[in-house]
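Q: My questions will all concern the structure given below.
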Amino acid sequence: MNRSSPPSLPLRFFRWFCHPDYREDIEGDLIERYLKTLELKGYQNAKRQFIWDVIRLFRPGIIRSMEGNQKLNSFGMLKTHFKVSVRNLIHYKSYSAINLLGFVLGLGIAISLFWIVRFERSFDNYHTDSDRIYQIMGMEDGQNGSQIPSGVIYTLNTQFPEVETAVSVHGYNPQVIEVSGQKFKMRNSYFVHPEVLEILDISWIAGSPETVFRTPDEVIIDKPTAERLFKLEDPIGQTINFDNEFTLTVAGIIEKVPANTEFPFEMIIPISRHPWKNDLRNDHWGGGDSSFKGLVKIKEGSDKSSIEERITNIARVQKNFDYDSLSFVPINAVHHNPYNDPFNYYSPEWLLDWLIYIAVFLLLIACVNFINLSTTHTIVRRKGIAIRKILGSNRWGLLTQFIVETGVLVLISIVFSAILAATIISYSNQFFHTNIPVASLTSIDFLILCASLWSLITIIAGIYPAISITNFRVLAAFQKSVASGKRSPIAIRQVLIAFQFVIAQVLIVGILIGTKQMDYLFSKDLGINHENVLMVNIPEPDNTLKRERFRQQLSLHPAVKGISYGLSTPSASHSSWWAEFQNSRFEDRLLARIQFIDEKYLDFFGMKLLAGRKIQPTDTAINGALVNEMVSKAMGFNSPEEAIGQSVKGWPGTFRIIGVVANYHSESLKENIIPHVFAYRPNRFFTANIRIGTENEAEALAAIEKYWKDLYPDNYFEYDYLSDALNKYYESDQKFTNFLGLFAAVSILICCLGLYGLIYFVCIRKTKEIGIRKVLGAKIESVIATLSRGFLKPILISLVVCIPVIWNLQRSYLSNYTFSIEFNWNIYILAALITVIIASIPVFLQARHSAMKNPVDCLRDE
Amino acid sequence: MKETGIGEFEEVILLLVGILDQNAYAFRISEEFESQTGRSISIGAVHSALERLSGKGFLTSEMGKPSAGRGGRRKRIYSITASGRRALTASRDFRISLWSQFPDFSVDQLSFVFN
């Protein structure tokens, strides 16, 4: 090692950070000092001194500026590019405004959509080990269901060592709860096996899974409920009276569960307290309520499919078991399962996929807009680019300038569109039935989304214009030529316009179809008379006396046109009861929906009796039941009379058929009509269906409430309109159509913005040409025609191109519905007309404006 | 100080530049400073002070000849400008006037050299 030169590493470090102007003499000083110290105090001291000196030299006056010097100054160039971009944006105001608007609209919606889909896909993924937690579903050839009998749960827990734990969860709301003499309504109350507290993640405020549910009379409530019931008092130890049947003591408080869960617990009660004792038996394998669900958590490393297979085999052997097989659905997929009777709500996968596609398409439209506009407009910048080239800029530098300019524009758009997205999301909770906590918008993930979109859009939108603009010969820029610009950009521009309009057109057709289908769904004859029907819950199902008294009182009221009792309405989307029935004539066991009805039910709902007689109270004892046509067809009978006298064996018993009812739609119009069995079981008459006259509706309502409250003072009065309940089937479809409307409007708006910008700039460039034409005698109409022709051609092309796209899409959309409208090409024609009219407006307006200009003004431009 | 626009450290550096004359480069100045005051000082501090004084217009600099003892690197020699001289004079006069007003340190004990 040559000791007479200083240590190389600190020296290299110094050379790196030192300002080049000072480098030489300071280095000299350093070396001089080093040599002197070396001589006087030896190598180690000299080395130490040198390093210390270098460190002390790392100070602001000496460190080189980041802008660099002549050879390498990328940072400096970026600064100038940024300044120039901002100046350009301000200088060319209309160009910037149009682009900005297009991006803000497109990005705003895209961001909200991505955010919504992210929320919907995040359901129940926050539980620890969520990859080992499943909800059990019963599979039955297209009629899968979420009801899982207790026998399954018991067997899983006792005979399957690979199962960590299996639990039942039943969403069962009381008619009324009472706290210190006050009555309240309670929703989201669940009867569960206590082990569920270990499967699903819950934040505890008071109590813990180990301390609660020592006795079956305990209850856990969430914080908002505690505040609602107990105001400021400490809820622990207080009592809640459930349905006037039993009393529970509050043993724990939990935080309100997050919005993205299919298990929105507000009140948790141990299942051993459940009033339906039959359903709790360990040997119960039969049917029941679709809200009586089962969850299972398997041990690590276990094979899910083998467990599924084995439990299915065990279950099928049991008598009364309804399903063909059991399947385990991952808990974070439950939210998207159409056969689950949701505790929260159902979010179909297809809807989420479509939202993503539409978001991407909107972004594409906005980018296409930008590409079109910038390739047209920045032709005015040719002189500036030429000068830069002459001064020595290489291609890369020019590209960077335009990309930076694009980046600045997109950055400003992102800021506004983030605000727009936040607004959309907070309003979407009202219009689109989503439920996103607005606080999530301030999270890091949102920033990451915006930042990635910014970079992505900048590159996608900026690359092509940057390349095409910087790709020309210098001299051409300084020659005044009328037709500046190559041939090919024009063709590409038209292709891009056509592409934009294809997307917009498809969306418009989509909204038209969607609206038509929605109308159809809401107005189709379901086979039952559901006009003006009020549904009221009936407590104390065992008390026939009170119920009949209620009926008598109401029948006397002039506004009440009819009243009938049943398990539920003929077409209820929640809590449907199912069971399997056997008959020698069935091909296989028949899964049928069970409906308990009173003697007035058929007439009330206008259900036609095809054969036999109507049901009567005496039918309970003799197990007489009505069936619908589907059942008699399943027996192979051509005429319904032949089915009379046959018996079907199932749950809750074996029935003899005494009559056949015409088919009606009991499920959403997405499903087929299903077999029904109607029996008379007064202790299951949970719902009163009341028809009221439209003239004195309020009066009728008041009377109903009064009579009800007089009879059932300890309960909570609730009612619903049947038509509202029916519409609930189509909630997600309605959501989708709502969304579609928004997207169609925005997409056509963006396309028109693009058109407007394009024609504006083309007109400016062609000012001289227009002037000359007019001087030579062209009429205004022909000038307008000349100007507009280039723009209307791609629109017409797009109308043709989108035909196959629309054909495919409408087929797949309408195939979701078993009962749907027929696709009529009138819809397409209507949409095409709309598009053409809306698109023509900016084109003609601007063309006319330019065509009307005085040739004197145009030709003076030298 | 406000009157002159330079602090005590800068004044010392300025004086040392005047003293060293042809040898007034950063390393020599720092060595001289250490030997005169007994305080050790880093090259960086000296260099920054010299740059500041140049920025204020009290010093100019020139690159000198390369020398073997510095690995062939040239030195930057500083010299005082006219306004630097004025600043120094102002500072000295101000001090003297204060000292002479202080009775215990009266004038007859000292001798000066006037230019």
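Q: If A:Glu178 satisfies all but one of (1) under 17 Å from A:Asn344 (Cβ atoms); (2) touching an Asp or Glu at 6+ places or on another chain (Cβ under 8 Å), what's the number of the condition it fails?
A: Of everything listed in (1) under 17 Å from A:Asn344 (Cβ atoms); (2) touching an Asp or Glu at 6+ places or on another chain (Cβ under 8 Å), A:Glu178 misses just condition (1).
Q: In this structure, is A:Thr211 hydroxyl-bearing (Ser, Thr, Tyr), open to solvent by 30 Å² or more (accessible area, probe 1.4 Å) and not in a helix (DSSP H, G or I)?
A: It is true that A:Thr211 is hydroxyl-bearing (Ser, Thr, Tyr), open to solvent by 30 Å² or more (accessible area, probe 1.4 Å) and not in a helix (DSSP H, G or I).
Q: Kindly indicate whether any position in segment A:613-620 is touching a Lys or Arg at 6+ places or on another chain (Cβ under 8 Å), in a loop (DSSP other than H, G, I, E, B) and at pLDDT below 85.
A: Checked against the condition, which is being touching a Lys or Arg at 6+ places or on another chain (Cβ under 8 Å), in a loop (DSSP other than H, G, I, E, B) and at pLDDT below 85, segment A:613-620 yields no hits at all.
Q: Let me ask you something else. State whether the residues of segment A:711-728 include one that is under 30 Å from A:Ser555 (Cα atoms), in contact (Cβ under 8 Å) with a residue 40 or more places away in the chain, crowded, with 18+ Cβ neighbours inside 10 Å and polar (S, T, N, Q).
A: yes
Q: I'd like the full set of residues that are within 9 Å of another protein chain (Cβ to nearest Cβ) and either of a type in the set (D, E, K, R) or not in a loop (DSSP other than H, G, I, E, B) (or both), limited to segment B:31-60.
A: Listed by number, the residues that qualify are B:Glu31, B:Ile43, B:Gly44, B:Ala45, B:Val46, B:His47, B:Ser48, B:Glu51, B:Arg52.
Q: Same structure, new question: Return the total of residues in segment A:222-242 being open to solvent by less than 10 Å² (accessible area, probe 1.4 Å) and in a loop (DSSP other than H, G, I, E, B).
A: Residues that pass the stated criteria total 0.
Q: Just to check your reading of the model, which residue among A:Val86, A:Val54 is within 14 Å of chain B (Cβ to nearest Cβ), among the β-branched types (Val, Ile, Thr) and in a helix (DSSP H, G or I)?
A: Result of the check over A:Val86, A:Val54: A:Val54.
Q: Looking only at segment A:647-658, decide whether some residue is within 30 Å of A:Asp724 (Cβ to Cβ) and among the hydrophobic types (A, V, I, L, M, F, W, C).
A: No; the residues of segment A:647-658 include none that is within 30 Å of A:Asp724 (Cβ to Cβ) and among the hydrophobic types (A, V, I, L, M, F, W, C).
Q: Shifting gears a bit: Suppose we keep only residues that are open to solvent by 90 Å² or more (accessible area, probe 1.4 Å) and not hydrophobic (A, V, I, L, M, F, W, C) within segment A:781-838. Which one would you say is farthest from A:Tyr729 (Cα to Cα)?
A: This residue is A:Glu781.
Q: Do you know which residues across segment A:93-114 are of a type outside the set (Lys, Arg) and open to solvent by 60 Å² or more (accessible area, probe 1.4 Å)?
A: Hit for segment A:93-114 is A:Leu101, nothing else.
To keep it simple, each residue is scored yes or no on (1) surrounded by fewer than 15 Cβ atoms within 10 Å (Cβ to Cβ); (2) at pLDDT below 85; (3) facing chain B (nearest Cβ under 10 Å); (4) in contact with a Pro (Cβ under 6 Å, 6 or more places away or on another chain).
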{"site": "A:Ser4", "(1), (2), (3), (4)": "yes, yes, yes, no"}
{"site": "A:Arg33", "(1), (2), (3), (4)": "no, no, yes, no"}
{"site": "A:Leu38", "(1), (2), (3), (4)": "no, no, no, no"}
{"site": "A:Lys41", "(1), (2), (3), (4)": "yes, no, no, no"}
{"site": "A:Arg64", "(1), (2), (3), (4)": "no, yes, no, no"}
{"site": "A:Glu67", "(1), (2), (3), (4)": "yes, yes, no, no"}
{"site": "A:Lys71", "(1), (2), (3), (4)": "yes, yes, no, no"}
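Q: Are any of the residues in segment A:349-367 of a type in the set (Ser, Thr, Tyr) and open to solvent by less than 60 Å² (accessible area, probe 1.4 Å)?
A: no
Q: How many residues are touching a Pro at 6+ places or on another chain (Cβ under 9 Å) and either open to solvent by 40 Å² or more (accessible area, probe 1.4 Å) or in contact (Cβ under 8 Å) with a residue 24 or more places away in the chain (or both) if we restrict to segment B:9-66?
A: Here the count works out to 0.
Q: Please name all residue pairs, on different chains or six or more residues apart, with Cβ atoms under 9 Å, provided the first residue is in segment A:804-816 and is within 20 Å of A:Leu352 (Cα to Cα) and the second residue is exposed (fewer than 10 other Cβ atoms within 10 Å of the Cβ) and not β-branched (Val, Ile, Thr).
A: Hits for this filter: A:Leu814/A:Glu822.
Q: Something else about it: Can we say A:Ala259 is within 30 Å of A:Ser347 (Cα to Cα) and among the small types (Gly, Ala, Ser)?
A: Yes, satisfied.
Q: What do you reckon, is A:Arg59 of a type in the set (D, E, K, R), under 60 Å from the mean Cα position of the chain (by Cα) and either more than 8 Å from every other protein chain (Cβ to nearest Cβ) or farther than 17 Å from B:Ser30 by Cα (or both)?
A: yes
Q: Provide a single number: the residues in segment A:288-313 that are out of contact with any Leu (no Cβ under 9 Å at 6 or more places or on another chain) and buried (at least 18 other Cβ atoms within 10 Å of the Cβ).
A: Matching residues across segment A:288-313 total 8.
Q: Now a separate question. Please determine, by comparing only the residues of segment B:67-88 that are more than 14 Å from chain A (Cβ to nearest Cβ), part of a helix (DSSP H, G or I) and free of Cβ contacts under 8 Å to residues at least 40 places away in the same chain, which one is least open to solvent (accessible area, probe 1.4 Å).
A: My answer is B:Ser83.
The values are calculated or read from the model by the stated rules, or taken from the named source; none is laboratory data. Keep in mind it's a predicted model, so treat the numbers as computed, not measured. Note that we place each Cβ from the backbone using ideal geometry, even for glycine, and neighbour counts take in every protein chain shown. Quick note on the areas: whole protein, heavy atoms, side chains included, nothing else; ligands and nucleic acids left out. Shrake-Rupley method; radii C 1.70, N 1.55, O 1.52, S 1.80 Å.
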